[in-house]
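Data first, discussion second: the structure below is written as structure tokens.
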Amino acid sequence: MQRYYAHVNEHGKVYGLSMNPSIMVPLQVYDSNYMNTFYDEKTGQFIGIRITLSVDKTEIVADGTDTATVTASFKNWDGTPAEYTKDLVVSVDGVRAVIKKVKGAYTIKLSSTVEGIKMISIITSEDPHLMESQPIKVNFVAPSK
């Protein structure tokens, strides 16, 4: 039976999967979901919370009043439901803001008077248990005349 291993850095973050051992953790099966998890040497468990960003509108008018609402949802690295309670750090085109959990949800409303595409992402370096998430885009278009 083929054995697979997780490459774990000095901070416990999984950065690769392999069939060759070095400083690696044996795995039962190959599963790419191990990527970017945190390995707890004391418990022998992989820990990772995957963030999914969604937005109610991918295009809004750059008039300062139209808004798009971005929501963050969470699952454990293995796809099971995850509860997350810490503040999140979000980047909107490089400008950071803190999102607090309010009424059970993490949301941020975006509006602008500047046209263009804004990239929204979560800064995961603030918590080693958070896994990298895919950024989303919102297009701010000129108001109709």
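What to note about this one:
- Contact order, relative form, for the range 9-80: 27 percent (alpha carbon pairs under 8 Å, 6 or more residues apart, mean separation divided by residue count).
- Within the shell of other residues whose beta carbon sits under 12 angstrom from the beta carbon of Ile51, the net charge comes to 0, with Lys and Arg scored +1 and Asp and Glu -1.
- Global size of the chain: 18.7, 68 Å for Rg and Dmax (C-alpha atoms, Rg to one decimal, Dmax whole).
- Placing unit charges on each Cβ (+1 for Lys and Arg, -1 for Asp and Glu) gives the range 49-141 a dipole about its Cα centre, and among Phe74, Gly104, Ile122 the Cα reaching farthest toward its positive end belongs to Gly104.
- When Lys13, Lys118, Lys109, Lys57 are sorted by how many other C-beta atoms sit within 10 angstrom of their C-beta, beginning with the fewest, the order is Lys109, Lys57, Lys13, Lys118.
- Linear extension gain, Ile136 paired with Lys42, 0.36 nm per residue minus alpha-carbon span: 30.3 nm
- Computed over the range 4-47: relative contact order in percent, which uses C-alpha pairs under 8 Å that are six or more apart: 38
- Unsatisfied cross-links (Cα-Cα over 32 Å) in the set Lys42/Lys109; Lys103/Lys145; Lys75/Lys118; Lys13/Lys57; Lys86/Lys145: Lys42/Lys109; Lys103/Lys145; Lys13/Lys57; Lys86/Lys145
- Gain upon complete extension [Tyr30, Lys86; 0.36 nm per residue less C-alpha separation]: 17.1 nm
- Sorting Ser133, Ser125 by the number of Cβ atoms found within 10 Å of their own Cβ, with the fewest placed first, yields Ser125, Ser133.
- Taking the Cα centre of the chain as origin and assigning +1 to Lys and Arg Cβ atoms and -1 to Asp and Glu Cβ atoms, the resulting dipole is close to 200 debye.
- 12 Å beta-carbon shell around Val70, net charge (K/R +1, D/E -1): +3
- Average Cα contact separation per residue, the chain, under 8 Å, 6 or more apart, as relative contact order %: 22
- The stretch between Asp66 and Ser18 holds 12.5 nm of extra length on full extension. This uses 0.36 nm per residue minus the Cα-Cα distance.
- Ranked packing of 39-51, 66-78, most packed first, by mean Cβ within 10 Å: 66-78, 39-51
- Around Asn36: net Lys/Arg minus Asp/Glu count, Cβ-Cβ under 10 Å: +1
Every number in this text was worked out from the coordinates using simple rules, so none of it is lab data. Since this is a predicted model, take the numbers as computed values, not measurements. Reconstructed Cβ throughout: ideal geometry from the backbone, glycine too, with neighbour counts over all protein chains shown.
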